[in-house]
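**Student:** Below you'll find the structure I mean.
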Amino acid sequence: MNRQKVILFLVVLALIGATAGLLAQAKSNQRLGLPGVKTRPLAGSQNLEVLLPENVPGYTSKSLPQAAIVTNTLPADTSYGQRLYTAQDGFQALANTVLMGSSRASIHEPQICLAGQGWSINDTASSVVKLHLDQPVAYDLPVMRLIATRQLELQGQRVSQSGLYVYWFVDADRYTAGHAERNLWMAQDMIFRNMLDRWAYIAFFSVCQPGQEEATFDQMKKLIVASVPQFQLVPSAK
């Protein structure tokens, strides 16, 4: 190796070391943002419980623990809230919230989870839609609506199911249905504000018979509109 290559090699090493040092220093001074959902401390833990509402008019509900495969896979400081809602006509929807801690790995693309559970997403029928809410102020909440299908054995017969999966993200002062937009905002705040936004991923899921997707989505919209103002802090009433 000639002298010029040695010098270039040393310069590259120095730059790598300096960059690593700056990143480490930035991370050590980084502030963790506030959550955009209601929470309370968990006894004996540094984590939080996301407070999905127990009482929503027209529904009964029960709190459900997160599956071990979720809690064992995601970072240890991830916080959760999960509740099953049942309407008087038998309609059911599972509401689930994942709140990140100090690691961005707490939240990933929701499509990964559905595929891992055997669901096949119909990309053509899936899209971002806006749900109008009047509380705490009038606004339109953008949500991603996924329509998925799967085949399963039920009482010895092969049957088809459809699934409606609605999700969005919220931090201390913003909400979006876009995974890429969320990542962009997070990167900007890390660079310019030295803050790690504490994003929550909110999802509602309901299973129905093929052909009942629109009717099921109409029921999900009613549940979302009734429940979200009780636990989502953004936007706030001025």
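**Student:** Out of Val98, Val70, Val37, Val56, I need the residue that is out of contact with any Leu (no Cβ under 9 Å at 6 or more places or on another chain) and among the hydrophobic types (A, V, I, L, M, F, W, C). Which one?
**Tutor:** Going through Val98, Val70, Val37, Val56 in turn, the sole match is Val70.
**Student:** For the structure I just gave you, tell me whether Asp189 is assigned to a loop (DSSP other than H, G, I, E, B), within 21 Å of the chain's Cα centre (by Cα) and of a type outside the set (A, V, I, L, M).
**Tutor:** No; evaluated as a whole, the condition is false for this residue.
**Student:** Another question, then. Are there strands (runs of 3 or more DSSP E) fully within the range 27-127 with at least 2 residues that are without any contact (Cβ under 8 Å) to a residue 24 or more places away in the chain? List them.
**Tutor:** Answer list for the range 27-127: 39-41, 59-63.
**Student:** Could you count how many residues in the range 153-176 are within 20 Å of Ile112 (Cβ to Cβ) and touching a Lys or Arg at 6+ places or on another chain (Cβ under 9 Å)?
**Tutor:** 9
**Student:** Residue by residue through the range 128-146, note down the ones that are under 22 Å from Gly211 (Cβ atoms) and either assigned to a loop (DSSP other than H, G, I, E, B) or not aliphatic (A, V, I, L, M) (or both).
**Tutor:** Once the filter is applied, which keeps residues that are under 22 Å from Gly211 (Cβ atoms) and either assigned to a loop (DSSP other than H, G, I, E, B) or not aliphatic (A, V, I, L, M) (or both), the range 128-146 yields only Arg145.
**Student:** For the range 87-131, which residues satisfy the criterion of being touching a Gly at 6+ places or on another chain (Cβ under 8 Å) and surrounded by fewer than 12 Cβ atoms within 10 Å (Cβ to Cβ)?
**Tutor:** Once the filter is applied, which keeps residues that are touching a Gly at 6+ places or on another chain (Cβ under 8 Å) and surrounded by fewer than 12 Cβ atoms within 10 Å (Cβ to Cβ), the range 87-131 yields only Gln88.
**Student:** Taking the range 208-238 as the region of interest, how many residues are in a helix (DSSP H, G or I) and among the small types (Gly, Ala, Ser)? So that I can check it myself, show each step before the final result.
**Tutor:** First pass over the range 208-238, keeping only residues in a helix (DSSP H, G or I): 213-231.
Restricting the remaining residues to those that are among the small types (Gly, Ala, Ser) gives 215, 226-227.
Adding up the residues that qualify gives 3.
To keep it simple, each residue is scored yes or no on (1) farther than 13 Å from Val37 by Cβ; (2) at pLDDT 95 or above; (3) among the polar types (S, T, N, Q).
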{"residue": "Tyr165", "(1), (2), (3)": "yes, yes, no"}
{"residue": "Glu181", "(1), (2), (3)": "yes, yes, no"}
{"residue": "Ile202", "(1), (2), (3)": "no, yes, no"}
{"residue": "Phe205", "(1), (2), (3)": "yes, yes, no"}
{"residue": "Gly211", "(1), (2), (3)": "yes, yes, no"}
{"residue": "Thr216", "(1), (2), (3)": "yes, yes, yes"}
{"residue": "Gln219", "(1), (2), (3)": "yes, yes, yes"}
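**Student:** In the range 132-159, which residues are surrounded by 12 or more Cβ atoms within 10 Å (Cβ to Cβ) and small (Gly, Ala, Ser)?
**Tutor:** Ala148
**Student:** Continuing with the same structure: Being in contact with a Pro (Cβ under 9 Å, 6 or more places away or on another chain), of a type in the set (A, V, I, L, M, F, W, C), over 18 Å from Asp218 (Cα atoms) and not in a strand (DSSP E or B) is true for just one of Ala172, Ala180. Which residue is that?
**Tutor:** Working: Ala180 fails: in contact with a Pro (Cβ under 9 Å, 6 or more places away or on another chain).
Just a single option satisfies the conditions, and that option is Ala172.
**Student:** Under 17 Å from Gly101 (Cβ atoms), loosely packed, with under 15 Cβ neighbours inside 10 Å, at pLDDT 55 or above and out of contact with any helix residue (DSSP H, G or I) (no Cβ under 6 Å at 6 or more places or on another chain): which single residue out of Leu42, Leu48 fits that description?
**Tutor:** Matching residue, one of Leu42, Leu48: Leu42.
The values are calculated or read from the model by the stated rules, or taken from the named source; none is laboratory data. Keep in mind that this is a model prediction, so the values were computed, not measured. Cβ coordinates were reconstructed from backbone atoms using ideal geometry, including for glycine residues, and neighbour counts include every protein chain displayed.
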